[in-house]
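Trainee: Right, I'll just put the structure down here and ask away after.
Values quoted throughout were computed directly from the atomic coordinates according to the rules given, and no laboratory measurement underlies them. Quick caveat: nothing in here was measured; it's all calculated off a predicted structure. Neighbour counts are summed over all protein chains in view; Cβ atoms, including those assigned to glycine, are modelled from backbone coordinates with ideal geometry.
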Amino acid sequence: MNGHITDAHITTWFLTLVLFLIALSLNKSGKAKGFKILHMIIRVFYLLIILTGGMLLFSIYQISFLYILKVIVGLWIISLFEMILIKAGKKKETKGMWIQFIIAFLLVLYLGFKLPLGIHIF
């Protein structure tokens with residue numbers, strides 16, 4: 001069962017990242033209506049990410065500190081998705097948020113691959 005939830009979680013994250021990049025592309029090309037619609041769809045995906053992540057977390061017998069850290073970093077990434085989209089929509093600077101995003105994304109990938117429920121690369 002955990003495998004299906006893990007697959008759903010990874011798929012939801014991947015689709016959110018792809019939609020996020022498409023939304024930024026739409027915004028950059030001046031298609032504000034498409035950007036706003038996609039932004040709303042991405043918000044639904046945030047909920048799916050949190051739902052599948054919560055299901056994974058509560059399926060673990062013993063929750064270690066690294067799992068808690070992964071949850072915190074995952075929520076940080078979702079917050080950054082949202083803040084970057086909002087600022088980009090208002091044509092404001094996002095450089096600092098992108099730096100945070102890269103750091104948080106690398107950290108969450110590392111934790112995801114290291115922890116027992118993830119794909120084991122490390």
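Trainee: Over 13 Å apart: what share of the alpha carbon pairs of region 8-50 falls there, rounded to a whole percent?
Mentor: Cα-Cα pairs in region 8-50 separated by more than 13 Å: 49 percent.
Trainee: With the contact rule set at Cα under 8 Å and sequence spacing of 6 or more, what percent relative contact order holds for region 57-113?
Mentor: Reported relative contact order: 42 percent.
Trainee: OK, next. Taking only the alpha carbons of the chain, what extent do you get along each of the three principal axes, in Å, biggest first?
Mentor: Sorted from largest, the Cα extents of the chain read 48, 27, 21 Å.
Trainee: While we're looking at this one, here's another question. In percent, how large is the relative contact order of the chain, given Cα pairs closer than 8 Å and 6 or more residues apart?
Mentor: Result for the chain is 26 percent.
Trainee: For region 30-83, which chymotrypsin sites (Phe, Trp or Tyr not before Pro) are in a loop by DSSP, counting at most 11 other Cβ atoms within 10 Å?
Mentor: Here the sparse-neighbourhood loop sites are Tyr61.
Trainee: As I understand it, the dipole of the chain uses +1 on the Cβ of Lys and Arg and -1 on the Cβ of Asp and Glu, about the Cα centre. Which of Leu115, Ile37, Leu66 lies farthest toward its positive end?
Mentor: Ile37
Trainee: State the number of lysine pairs found in the chain whose Cα atoms come within less than 20 Å, restricting to pairs 8 or more positions apart or on distinct chains.
Mentor: The number of close lysine pairs in the chain is 20.
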